[in-house]
Amino acid sequence: MNWYLIPDIQLTGKPFIKKVKAGGKTLCLVSVDDKVYALGARCPHAGGDLTQGWCEEGKLICPVHRYSFSLETGKGSEGQNDYIESYPIEIKDGIIYVGISSFWDKLKQAFK
Ligand code: FES
């Protein structure tokens, strides 16, 4: 897993949802209730831009058809049978880093 710095984000305690790029991926960075989450930015249902969505009760809501995904795990709500990628976050001295595993990292992990 490689860690990537997310530039130009100030953690002020105000909630936000932003589109950011890291490790060749487009991510949905969410800050809510004093926590930061990094999730896939594309809805698996029909490709909606999750960075245009909103948060409710620990879930990220897609603005297109309102499917919802856990902020903690990326798992879709009951009945959806889908998920979005969820990435680990580290915050050091107010700077956000996101951990992204490559395809080969995931393949190696699968065969351990
Ligand atoms: S595109 Fe996201 S719920 Fe349909």
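Scan region 21-39 for residues that are closer than 15 Å to Ile6 by Cβ and either in contact with a Cys (Cβ under 8 Å, 6 or more places away or on another chain) or aromatic (Phe, Trp, Tyr) (or both) and jot them down. Hits for region 21-39 are Val30, Tyr37, Ala38, Leu39. Scanning region 86-112 for residues that are over 10 Å from Met1 (Cα atoms), touching a residue at least 24 places away in the same chain (Cβ under 8 Å) and polar (S, T, N, Q) yields a count of 1. Of all residues in region 51-60, those satisfying the criterion of being crowded, with 17+ Cβ neighbours inside 10 Å and either within 13 Å of the ligand (Cβ to nearest atom) or part of a loop (DSSP other than H, G, I, E, B) (or both) are Thr51, Gly53, Lys59, Leu60. In region 47-60, the condition of being free of Cβ contacts under 8 Å to residues at least 24 places away in the same chain and within 12 Å of the chain's Cα centre (by Cα) is met by at least one residue.
The residue of region 62-76 that is nearest to the ligand (Cβ to nearest atom), among those that are surrounded by 17 or more Cβ atoms within 10 Å (Cβ to Cβ) and among the hydrophobic types (A, V, I, L, M, F, W, C), is Cys62.
In the set (1) out of contact with any strand residue (DSSP E or B) (no Cβ under 6 Å at 6 or more places or on another chain); (2) of a type outside the set (D, E, K, R); (3) part of a loop (DSSP other than H, G, I, E, B), the condition left unmet by Thr73 is number (1). Annotation note: of Gly99, Gly79, the sole residue that is more than 10 Å from the ligand (Cβ to nearest atom), in a strand (DSSP E or B) and surrounded by fewer than 17 Cβ atoms within 10 Å (Cβ to Cβ) is Gly99. Counting only residues that are at pLDDT 95 or above and more than 15 Å from Pro88 (Cα to Cα), region 31-40 holds 1 of them.
For region 27-48, filtering for residues that are among the polar types (S, T, N, Q) and loosely packed, with under 14 Cβ neighbours inside 10 Å leaves 0. Search region 82-96 for residues being part of a strand (DSSP E or B) and hydrophobic (A, V, I, L, M, F, W, C), and hand back the single one that is surrounded by the most Cβ atoms within 10 Å (Cβ to Cβ). Here the residue is Ile96.
The values are calculated or read from the model by the stated rules, or taken from the named source; none is laboratory data. This is a predicted model, so every value here is computed, not measured. Counting neighbours? That spans all protein chains shown, and the Cβs are built from the backbone with ideal geometry, glycine included.
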